[in-house]
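Novice: First the structure, then my questions, so here it is.
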Amino acid sequence: MMWHPFLVLLLLHGASAAGDQLAAQPAPGDPANAKPAAARPQAAKWKTLSGNAPLVIARGGFSGIFPESSQFAYQFALASSLKETVLLCDLQLTKDGAGICLSDLKLDNSTTISSVFPKRDTTYSVNGQSLKGWFSVDFTTDELISNVTTIQNIFSRPSLFDGNLPVSLLQEISGFHPYQFWLNVQYDMFYKEHKLDPAKFILTASEKMDFDYISSPEIGFLKSLNGKFGKAKTKLIFRFLDADAVEPSTNQTYSSILKSLTAIKSFASGILVPKSYIWPVNKDKYLESATTLVTDAHNLGLEVHAYNFANDQPASYNYSFDPTAEYLQFIDHSDFSVDGVLTDFPSTASTAVACLAHNKDNAASNKKRPLIITRNGASGVFAGCTDLAYQQAVEDGADIIDCSVQMSKDGVAFCLDSADLVGDTTAMDSFMSRSALVPEIQKNNGIFSFDLTWSEIESLKPLLANPFSSTNLVRNPAAKNQGKFMTLAKFLDFAKTSTVSGILISIENAPYLASKKGLDIVNAVSSALINASYDKQTTQKVLIQSDDTSVLSTFKNSSSYKRVFKVGETISDASKSAVDEIKKYADAVVVSKTSLIASSNSFLTGFTAVRDKMHAANLSIYVLGLRNEFVSIPFDCFSDPLVEMATYAAGLGVDGIITEYPATVSAYFRSPCSDMEANLPFTILGVEPGSLLKEAQPEVLPPAQAPAPALDAVDIVDPPLPPVVKISETAPVAAPASSPTQPSGQPANAANAALCLLTVMLSFIYLSYQ
């Protein structure tokens, strides 16, 4: 079949990339048999039933990226995860009695069957529920294997491999010789109604292949297998469904059965439960207290495995969109550990087990690692630039905490991401009438700090930013308005008494503030640093950042400070003249992540030359834009922020990572797996850009996007800063956009109508920020 060359090439490409320490998986060698090395043994004893590390169970292989249960999904799971990774096959039976692996009884959710056989859908009663679709019991093995291919069954996941990989036979997956093999049988009674017997099929198949685990939500099925495997060490696992669902062989709800764990022990070795059975999540998506289920089951000698883990399906705000934090909650708790996690992303679960568990008290090694620099403090957890965001950043292990300096109308310098207060405060509630258009600052209307006094700004509440709210991903809503704003002076006092190794002070809009508002932001920063003795002390680094070379020039003679030039837009290259100009004004540059690695349609496509050219000029590089939210992470980083981090830190060798989630970055660097020179059996590896795209068939490749512009010298140098004028000398500025002032001759009702329309528009903008 045509898919075989595609599969082999992709695996071989992955093997080659792993040898260069940039691929997403260790070199697999022969993909049918090879396994990566086992994890480094942990010093602490696991709180699993056996005392061994919990299992990583791959649902349908690496189904978070590739069509689930395809052969490549299984092979990639083996190549990218721990040696002990278990492959799980959801067994379905064909009309002629063969076993295939697909998670859903309805094949149209995960295959092309509806387009291949458009008129062969049927309706069946399944456990009392009427289901319409395409079912394996209506098709022969040859019809499915020869004609039907697999597709991604979750819309938000990549469709790049759809239609390339056929349905997998059970024996094909077993032939990969996984460390352990798990068979899940979800619909025993349904198949018996169609004269197919899963138990008989499994007993016959077990003569030629090994099944380490067999699970089912049907008690009758498991009892029919109990004691039938002789000396084989096959473990039977009772799978719990939703609490209110009804178990078909007893007509009891699963919540009722949960009360009788002793009865389960009579026919099973363990249980497989939704993760909410262990850590309930309330209606507001915050964790409640853990149940005693794991401890109770372990006391009876029952293993406990949990399912529903996926990097791209956030469960609770407590995890701050870091999937490894969720795994650790289940495997590295002080009181218990589950015995296995069933996941769509086995590489991430492997990282949690092999690299992050038992590392909470480790210090982040200083050996050749980038700086952890905050973006508005820990602004993924608390409103940016508030006291709580900075306190959290220090607790989370940040090296450098930052203050983006803004100015109030009465000359108070304070920390906030933008001069426009709308996105980070509740200014729209109180000062909508102060809205104005300032083209020198931004294209849209705003309520600007330099038009409000400090006392007015202090009266506002912070507002936690939600950059992906359009996707329903919002940050920590319980802390939406918590925290207090900090003046620059208070920020410096806080930093000096904290454990951070330095501070970053960002200065923007200096020419406008000087020439139009009579505010000297550069002098305000310089004076605050001198007053806090930062011009003399050497215990903490001071980074001065700006996108304006004239601002950086004013700090040229301050040897205690390191100057950082911010490149404001995505670039694909930098001319030598541009780099030479930057070198005149700065010691480091801040660039977006897409300036270092190009991407197209959420896939990485290739490294740019920017890193090499900046490093060649001895300029440090700080990368901006690494976030935990999976929608911001390229598909080939597996919705895993640590994989993306490794791509920039270990793969590219950046000198600093600017982040809203310092806890995630710190956890990565506390792990020995982040050290590419440690020679460990399992390592957190980055990806080789373009490795997945290169091997995909041309007809399924996403369209190429236009390259970003190259940075040239003309884009670097800014004119000298204008003098700071007295406010009485400033030119008249445009009236606020919401002002009722009318041009001469304009009818009053037209002005009122325009004002009304503007108010509606501003309200819409305000709600979108909310």
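Novice: Being crowded, with 21+ Cβ neighbours inside 10 Å, within 29 Å of L473 (Cβ to Cβ) and not aromatic (F, W, Y) narrows it down to one of L222, L272, L241, so name that one.
Specialist: L272
Novice: For the list (1) in contact with a Gly (Cβ under 8 Å, 6 or more places away or on another chain); (2) part of a loop (DSSP other than H, G, I, E, B), I need the number of the one condition that C89 fails.
Specialist: (2)
Novice: With the requirement that a residue be within 17 Å of E303 (Cα to Cα), at pLDDT 95 or above and not in a helix (DSSP H, G or I), what does the stretch 213-227 give you? Spell out how you get there, then give the answer.
Specialist: Initial filter on the stretch 213-227 (within 17 Å of E303 (Cα to Cα)): 213-217, 219, 222, 226.
Within this subset, residues satisfying the condition of being at pLDDT 95 or above are 213-217, 219, 222.
If the condition is that a residue be within 17 Å of E303 (Cα to Cα), at pLDDT 95 or above and not in a helix (DSSP H, G or I), then Y213, I214, S215, S216, P217 are the ones that fit.
Residue-by-condition table, conditions (1) under 23 Å from V126 (Cβ atoms); (2) touching a residue at least 12 places away in the same chain (Cβ under 8 Å):
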| site | (1), (2) |
| --- | --- |
| K200 | yes, no |
| L203 | no, yes |
| K223 | yes, yes |
| K231 | no, no |
| T234 | no, yes |
| D244 | yes, no |
| S260 | no, no |
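Novice: Which helices (runs of 4 or more DSSP H) does the stretch 341-433 wholly contain that include 1 or more residues that are in contact (Cβ under 8 Å) with a residue 40 or more places away in the chain and in the same structural domain as Y317 (by TED's automatic domain parsing)?
Specialist: Filter on the stretch 341-433 gives 346-351.
Novice: Count, please, the residues in the stretch 372-390 that happen to be out of contact with any helix residue (DSSP H, G or I) (no Cβ under 8 Å at 6 or more places or on another chain) and either of a type in the set (S, T, N, Q) or surrounded by fewer than 24 Cβ atoms within 10 Å (Cβ to Cβ) (or both).
Specialist: 1
Novice: Can I ask one more? Does the stretch 625-645 contain at least one residue that is surrounded by 20 or more Cβ atoms within 10 Å (Cβ to Cβ) and within 30 Å of D535 (Cβ to Cβ)?
Specialist: No, that holds for no residue.
Novice: State whether the residues of the stretch 466-473 include one that is out of contact with any Asp or Glu (no Cβ under 9 Å at 6 or more places or on another chain) and assigned to a helix (DSSP H, G or I).
Specialist: The answer is yes; a qualifying residue exists.
Novice: When you look at D121, is it touching an Asp or Glu at 6+ places or on another chain (Cβ under 9 Å) and closer than 18 Å to S206 by Cα, yes or no?
Specialist: No; evaluated as a whole, the condition is false for this residue.
Novice: Related question: Please return the ranges of strands (runs of 3 or more DSSP E) entirely within the stretch 585-672 where 2 or more residues are closer than 24 Å to T549 by Cα and modelled with pLDDT of 95 or more.
Specialist: On the way: elements: 588-592, 597-600, 603-607, 620-626, 656-659.
Because the criterion is at least 2 residues that are closer than 24 Å to T549 by Cα and modelled with pLDDT of 95 or more, the strands (runs of 3 or more DSSP E) in the stretch 585-672 that meet it are 588-592, 620-626, 656-659.
Novice: Counting only residues that are within 30 Å of S526 (Cα to Cα), basic (K, R) and in contact (Cβ under 8 Å) with a residue 40 or more places away in the chain, how many does the stretch 458-489 have?
Specialist: Count: 1.
The values are calculated or read from the model by the stated rules, or taken from the named source; none is laboratory data. Source: prediction; values computed, not measured. In this analysis, Cβ positions are derived from the backbone assuming ideal geometry, glycine residues included, and neighbour counts consider all displayed protein chains.
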